[in-house]
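Shown next, in structure tokens, is the structure this report addresses.
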Amino acid sequence: MKDSLWRVAAAAVILAANCSMLRAQSEHVLALTGAAGEEELDESVTERFEALERHRIHINTASRQALMSCGLFTAFQVASLDDWRQNSGDILSLTELGSIDGFSPDQVRHMAPYLDFSSKAGIGRTSLGRRRTHDITARFQIKKDEGNDGSSSWGLKYRYISEGRGSISVAARNSYDSHGMSPDTWSFCAALEGKRHLDRIIIGDFNAHYGQGLAMWSGFSLTGAGTVDAFCKRAAGISQTWSYGSTSYRGAAASLSFGRWTISGLTAFPGLKASMEKGHGEVSILPAANISWLGRNGQWSVTGYAHSCGEAKAAADARWHLGGMDFYGEGALDAVTGALAGIAGITWTPEWKRRYAAMVRAYPKTFTPGQAGAMKAGSKVTNETGVTLGMQLPWISLTADAARSPSKGSRQLKIVGKSAFKLSEHIGLTPRVSFRCRDGSYRTDLRADCGWHSGPWSATARSNWLRCREWAWLQYAECGYKNEHVGSWLRATVFHIDNWDDRIYVYERDAPGSFNVPAFYGRGIAASAVCGLKWGKNRLHLRASATHYTSDKPSRVEFRCQYSLQL
């Protein structure tokens, strides 16, 4: 009885702490990726945006391929930028960028932290020229579970960038489950940027994102559409990666540009990464090619690959911009089974801050998922037909996705709604509701973020209630301070989750480039403290956390340290 009263009192205290809207940086990433919350992202995405923040895109000098591969722009926006630079000169401000066809003031605001407007032609401004930078990041962390010996892990990254010429990067990591201190996973990448027709050559680990993902889309892909921005994917072609993760390809890739035409090819070796790291594993070969045309109001491309494991696909995709409408689609052929799959959609923007979208898809059972990463309701791009609708108004975002698995006879309906209210100059409220019905079982997730922000000070609180197998809830409060050189945050969490199927995922603040979304399960309390320091070219981030369970689960204490140096 006392424990119950204590938990209720603690939850009441947390709910009473009025806190602020989502952190500005998280807001930018969510808007640009189309994710409905930080919990829908992954490590490779957070690392990419952290790298873009530190090495901004030079919008006036970057090549068309560099603009595409950075992942910030749609193909239509890249074409608009290209035409503007050729006909009107350099872009000197966010206001000027917002006036270009294809860009809205809202989009420009979210892109701002990742763009550099330096210009040789700017009045009273000089070009930065070709800069050379070295990035070194070292990470160390230890944890101690109650009743067990402590364990440790580490990570190390190095990257050299010569703007306009290329980059070299190496990353290695040792996890908690590793035996000894040698790295259990590592990656490397060397990229050369060419002139005239040669866009780039990449050797090592890289990503390949083509079309809407029906043929080839490496790495992270959203499951479902939580917002209207997630309906249509932004194909980036080939791009280098600086991640510990194993979702990229290992091999070689290159792209050539001829006016509005781009030709890219790659040869990847699936299984090579595991073979090099663990000393065993079957290595296969996967050659692929893509040819694309990028016009002022549209684009199209053709992609094909053949995997030595008995898998081959060919796909054609297109996108066309007409007034305030975007039409897009992709069809793919599984050359081994003869199955056809397709996806098509439309987004309509009648006015600023009002968008509507619709999308249909059909992936037969005989269409093997292979390298695909298209929009889906399940875990794989196969055995599914679906329809998705969405709208985004100034005060609410709402999406509904209905999917069916023909061979299994299973059905799913998922609805996601999100809104934001400014209660006062410093206080905001962001409620979110997610409802899912799958084969007669229901899952309802209700969440509200409320908070206060004033100058360098901020505070955020979340109340999360979930009903699936049973009722489950989680509440947290976080307060923080951040200026140009120092940032520190404290968070306290209380949770009551008795069934594993009712687990609640929560994004937790960590060092830049890290991705920390633990699944809370059981009954207990958790606390964390994060501190970031910046002086000169140095950055230091510390994180300490502790989780205590009132049940039989062992408690845990963890400490993380990350140091970065940019030269």
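Worth pointing out:
- Every pair of residues 6+ apart whose Cβ atoms lie under 7 Å, when the first sits in region 347-376 and is closer than 30 Å to GLY98 by Cα and open to solvent by 40 Å² or more (accessible area, probe 1.4 Å) while the second is assigned to a loop (DSSP other than H, G, I, E, B) and at pLDDT below 95: TRP348/GLY324; THR349/GLY324; PRO350/GLY324; TRP352/SER104; LYS353/PRO394
- Test: residue in region 94-109 that is of a type in the set (D, E, K, R), assigned to a helix (DSSP H, G or I), touching a residue at least 60 places away in the same chain (Cβ under 8 Å) and under 27 Å from GLY211 (Cβ atoms): yes
- Those strands (runs of 3 or more DSSP E) lying entirely in region 188-294 with at least 1 residues on the phi > 0 side of the Ramachandran plot: 198-209, 237-240, 249-258
- Residues in region 541-555 that are touching a residue at least 12 places away in the same chain (Cβ under 8 Å) and more than 18 Å from LEU490 (Cβ to Cβ): TYR549, THR550, SER551, LYS553, PRO554, SER555.
- Matching residues in region 145-164 - criterion: being under 17 Å from HIS179 (Cα atoms) and buried (at least 17 other Cβ atoms within 10 Å of the Cβ): SER153, TRP154, GLY155
- Verdict on VAL381 being surrounded by 15 or more Cβ atoms within 10 Å (Cβ to Cβ), of a type in the set (A, V, I, L, M, F, W, C) and closer than 29 Å to ASN207 by Cα: yes
- Residues of region 243-255 that are at pLDDT below 90 and open to solvent by less than 30 Å² (accessible area, probe 1.4 Å): SER243, TYR244, GLY245, SER248.
- Against the numbered list (1) farther than 30 Å from LEU389 by Cβ; (2) in contact with a His (Cβ under 8 Å, 6 or more places away or on another chain), TRP217 comes up short only at (1).
- Breaking point among (1) assigned to a strand (DSSP E or B); (2) out of contact with any Cys (no Cβ under 7 Å at 6 or more places or on another chain); (3) modelled with pLDDT under 95, for LEU389: (3)
- Each residue in region 151-171 was checked for being within 20 Å of THR247 (Cα to Cα) and in contact (Cβ under 8 Å) with a residue 60 or more places away in the chain, and 5 pass.
- Selection of region 63-90 for residues being open to solvent by 20 Å² or more (accessible area, probe 1.4 Å), out of contact with any strand residue (DSSP E or B) (no Cβ under 9 Å at 6 or more places or on another chain) and not polar (S, T, N, Q) yields ASP83, TRP84, ARG85, GLY89, ASP90.
- Scan of region 394-405 for residues that are open to solvent by less than 60 Å² (accessible area, probe 1.4 Å) and either of a type outside the set (Ser, Thr, Tyr) or touching a residue at least 40 places away in the same chain (Cβ under 8 Å) (or both), ordered by number: ILE396, SER397, THR399, ALA400, ASP401, ALA402, ALA403
- Candidates ALA339, ALA315 - the one that is open to solvent by less than 60 Å² (accessible area, probe 1.4 Å) and either free of Cβ contacts under 8 Å to residues at least 60 places away in the same chain or of a type in the set (Asp, Glu) (or both): ALA339
The values are calculated or read from the model by the stated rules, or taken from the named source; none is laboratory data. Keep in mind the model is a prediction, meaning the values are calculated, not measured. All Cβ positions, even for glycine, are placed from backbone atoms using ideal geometry, and neighbour counts span all protein chains on display. When the accessible area is computed, the model is the full protein with side chains, heavy atoms only, and any ligands, DNA or RNA have been set aside. Shrake-Rupley method; radii C 1.70, N 1.55, O 1.52, S 1.80 Å.
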